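Visitor: Got a structure for you, questions after.
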Amino acid sequence: RGGNEVRIVEVGPRDGLQNEKKTVPVATKIELVDRLSATGLKTIEAGSFVSPKWVPQMANSSEILSHLLDYPPKSSEPLTYQWLLPNTQGLDNFLSTYSSHPSNFTKTDKPPALNTSSQDPNSMPSTSPSSTSSSLLSPHKHEISIFTAATETFTQKNTNCSIAESLERFKSIFATAKELSLPIRAYISVALGCPYEGPNVSPHAVADLAVSLLEMGADEISVADTTGQGTAPRTAELLKTLAAAGVDVADLALHFHDTWGMALVNMIVGLEHGVRTFDAAVAGLGGCPFSPGATGNVASEDVVYLCESLGLKTGVDLAALAGVGEWISEELGRENESRAGKATMAK
Ligand code: HMG
Ligand code: MG
């Protein structure tokens with residue numbers, strides 16, 4: 001069950017950087033995405049279109065998107081870049097940059113109808129070189145991610161709405177994305193513990209949400225242990241509950257923060273249940289500003305090393321990834337949180 005290929009969704013440029021206190025220069029963010037793009041990773045969450053008042057660190061994501069559209073990283077295989085957004089305003093802001101690059105819509109596509117009333121003037125399309133042939137030839141794809149959570153308190157703290165209201169907000173996002181053939185990943189936060197409501201989040205609440213999001217048209221559900229409170233037995237129980245609710249394991253990703261050091265253990269439980277997509281951040285960067293005390297994501301280097309040790313293929317060059325982890329840790333003045341990354345660099 002599950003096959004021997006593991007897909008890593010590298011969330012370092014988004015989840016990894018969103019909680020950094022010091023402003024990370026946009027040039028560093030772009031360099032991070034470019035460097036990650038050369039490691040064999042196939043999916044990278046490169047930024048978010050959220051309110052800059054809520055998460056100032058992500059304010060310049062449209063510049064990163066513009067860069068990737070103007071100068072698509074050279075890689076032997078096409079990459080997918082994902083962009084996190086909470087509402088139609090986020091989608092409009094994403095599209096105002098994305099659709100200003102002609103390569104993204106074929107002649108038969110309708111240009112996206114932008115809701116100009118809610119445009120953020122700070123993220124209007126850059127004057128992109130529409131005649132740049134590299135842009136026209138870009139092999140890469142761009143997708144969007146949306147997010148809600150399994151508890152009411154976390155949903156309020158993170159997105160200032162109830163769970164039901166978050167689903168309501170998504171309706172128009174799904175409608176536009178489907179019209180434009182943009183795939184959507186949907187996160188369910190605090191699936192294994194909530195910073196406000198405690199560790200025992202109902203697996204049935206997670207499963208009900210997953211079913212609703214898939215029915216609405218989500219292409220993938222990323223079930224997130226935001227606080228890192230998940231344990232192996234509760235991860236197994238959650239995966240069984242999801243399966244019993246009819247959620248196909250092929251539609252699932254697992255997103256572990258490693259606050260309690262259980263991320264790799266819980267990942268093995270996920271592998272045993274057939275999950276083959278895992279989110280991770282280079283150098284173990286990361287954290288959610290609305291999840292106090294939670295630390296970074298499981299380190300991508302550790303995930304690659306674990307997979308290799310089990311004979312599973314990720315397609316990622318561990319040495320190259322470890323080099324990126326070391327570089328970004330130095331840039332941020334942080335300890336490199338990846339054990340496998342540090343061991344690789346010490347060899
Ligand atoms: P709100 O304050 O209720 O929004 O925030 P509003 O609709 O009332 O608008 C207020 C202001 O925000 C207005 O500006 C809007 O234009 C602006 P003003 O008139 O005051 O100048 N605004 C926006 N600006 C830019 N982009 C937008 C946008 N929307 C409104 N998209 C809102 C509601 C959802 C916007 C806010 O709560 C928000 O941005 N939340 C995002 C929080 C966030 O990014 N959290 C971290 C990511 S999730 C995560 O890390 C978890 C994950 O990793 C999985 C896991 O580990 O659990 C995915
Ligand atoms: Mg996260």
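The values are calculated or read from the model by the stated rules, or taken from the named source; none is laboratory data. These numbers come from a predicted model, not from an experiment. Quick reminder, even Gly has a Cβ in these numbers, built from the backbone with ideal geometry, and neighbours come from all protein chains shown.
Visitor: Those residues that are modelled with pLDDT of 95 or more and either within 11 Å of ligand 2 (Cβ to nearest atom) or part of a strand (DSSP E or B) (or both), I need them from the range 265-313; list them, please.
Guide: The first filter runs over the range 265-313 and keeps only residues modelled with pLDDT of 95 or more, leaving 265-285, 296-313.
The answer is 277, 278, 279, 280, 281, 285, 296, 297, 298, 299, 313.
Visitor: Could you list all residues from the range 193-219 that are assigned to a loop (DSSP other than H, G, I, E, B), under 25 Å from residue 143 (Cβ atoms) and touching a strand residue (DSSP E or B) at 6+ places or on another chain (Cβ under 6 Å)? Can you show your working first?
Guide: Our first condition is that a residue be assigned to a loop (DSSP other than H, G, I, E, B); within the range 193-219, this holds for 193, 195-197, 199-202, 217-219.
When the remaining residues are screened for being under 25 Å from residue 143 (Cβ atoms), the result is 217-219.
218, 219 - these are the residues of the range 193-219 that are assigned to a loop (DSSP other than H, G, I, E, B), under 25 Å from residue 143 (Cβ atoms) and touching a strand residue (DSSP E or B) at 6+ places or on another chain (Cβ under 6 Å).
Visitor: Give the residue that is surrounded by the fewest Cβ atoms within 10 Å (Cβ to Cβ), with candidates limited to residues of the range 288-347 that are without any contact (Cβ under 8 Å) to a residue 40 or more places away in the chain and hydrophobic (A, V, I, L, M, F, W, C).
Guide: 346
Visitor: While we're on this one: Do you know which of the residues in the range 2-20 that are over 17 Å from residue 82 (Cα atoms) and charged (D, E, K, R) is farthest from ligand 2 (Cβ to nearest atom)?
Guide: Step one: of the range 2-20, the residues over 17 Å from residue 82 (Cα atoms) are 2-6, 19-20.
Among the residues that remain, those that are also charged (D, E, K, R) are: 5, 20.
Numbers: 5: 23, 20: 14 Å.
Taking the candidates together, the pick is 5.
Visitor: Just to be sure before I move on: is residue 294 at positive phi and of a type in the set (A, V, I, L, M, F, W, C) in the structure I sent? Break it down into steps so the answer makes sense when it comes.
Guide: Values: at positive phi: no; of a type in the set (A, V, I, L, M, F, W, C): yes.
No.
Visitor: Right, here's the next one. Mind checking which residues of the range 248-269 are away from ligand 1 (no atom under 15 Å from the Cβ) and among the small types (Gly, Ala, Ser)?
Guide: 250, 261
Visitor: In the range 21-32, is there at least one residue being in a helix (DSSP H, G or I) and within 16 Å of ligand 2 (Cβ to nearest atom)? Outline the logic, then answer.
Guide: In the first step, residues of the range 21-32 are kept if they are in a helix (DSSP H, G or I); the result is 26-32.
From what's left, within 16 Å of ligand 2 (Cβ to nearest atom): none.
So far as the range 21-32 goes, no, none of its residues is in a helix (DSSP H, G or I) and within 16 Å of ligand 2 (Cβ to nearest atom).
Visitor: Go through the range 235-260 and give me each residue that's closer than 28 Å to residue 47 by Cβ and part of a helix (DSSP H, G or I).
Guide: Across the range 235-260, the qualifying residues are 250, 251.
Visitor: Residue 75 versus (1) more than 16 Å from the chain's Cα centre (by Cα); (2) within 8 Å of ligand 1 (Cβ to nearest atom): which is the lone unmet condition?
Guide: Evaluating residue 75 over (1) more than 16 Å from the chain's Cα centre (by Cα); (2) within 8 Å of ligand 1 (Cβ to nearest atom) leaves (2) as the failure.
Visitor: Here's a follow-up. What about residue 76, is it of a type in the set (Ser, Thr, Tyr) and touching a residue at least 12 places away in the same chain (Cβ under 8 Å)? Write out each step before concluding.
Guide: Values: of a type in the set (Ser, Thr, Tyr): yes; touching a residue at least 12 places away in the same chain (Cβ under 8 Å): no.
For residue 76, the condition - of a type in the set (Ser, Thr, Tyr) and touching a residue at least 12 places away in the same chain (Cβ under 8 Å) - is not met.
To keep it simple, each residue is scored yes or no on (1) surrounded by 20 or more Cβ atoms within 10 Å (Cβ to Cβ); (2) over 21 Å from residue 141 (Cβ atoms); (3) not hydrophobic (A, V, I, L, M, F, W, C).
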| residue | (1), (2), (3) |
| --- | --- |
| 28 | no, yes, yes |
| 37 | yes, no, yes |
| 51 | no, yes, yes |
| 60 | yes, yes, yes |
| 64 | yes, no, no |
| 76 | no, no, yes |
| 86 | yes, yes, yes |
| 94 | yes, no, no |
| 98 | yes, no, yes |
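Visitor: Within the range 182-208, can you find the residues that are more than 16 Å from ligand 2 (Cβ to nearest atom) and under 19 Å from the mean Cα position of the chain (by Cα)?
Guide: Residues satisfying the conditions are 182, 183, 184.
Visitor: In this structure, is residue 167 more than 16 Å from ligand 1 (Cβ to nearest atom), under 26 Å from residue 18 (Cβ atoms) and either of a type outside the set (A, V, I, L, M, F, W, C) or out of contact with any Leu (no Cβ under 6 Å at 6 or more places or on another chain) (or both)?
Guide: Numbers: more than 16 Å from ligand 1 (Cβ to nearest atom): no; under 26 Å from residue 18 (Cβ atoms): yes; either of a type outside the set (A, V, I, L, M, F, W, C) or out of contact with any Leu (no Cβ under 6 Å at 6 or more places or on another chain) (or both): yes.
Judged against the criteria, residue 167 is not a match.
Visitor: Quick one: would you say residue 242 is aliphatic (A, V, I, L, M), more than 14 Å from ligand 2 (Cβ to nearest atom) and modelled with pLDDT of 95 or more?
Guide: Values: aliphatic (A, V, I, L, M): yes; more than 14 Å from ligand 2 (Cβ to nearest atom): yes; modelled with pLDDT of 95 or more: yes.
When the stated conditions are applied, residue 242 passes them.
Visitor: Considering the range 261-320 alone, what residues qualify as being more than 18 Å from the chain's Cα centre (by Cα) and within 19 Å of residue 46 (Cβ to Cβ)?
Guide: If the condition is that a residue be more than 18 Å from the chain's Cα centre (by Cα) and within 19 Å of residue 46 (Cβ to Cβ), then 315, 320 are the ones that fit.
Visitor: Among the listed residues 17, 36, which satisfies the condition of being away from ligand 1 (no atom under 16 Å from the Cβ) and at pLDDT 95 or above? Give the derivation first.
Guide: Values: 17 fails: away from ligand 1 (no atom under 16 Å from the Cβ).
Checking each option against the conditions leaves just 36.
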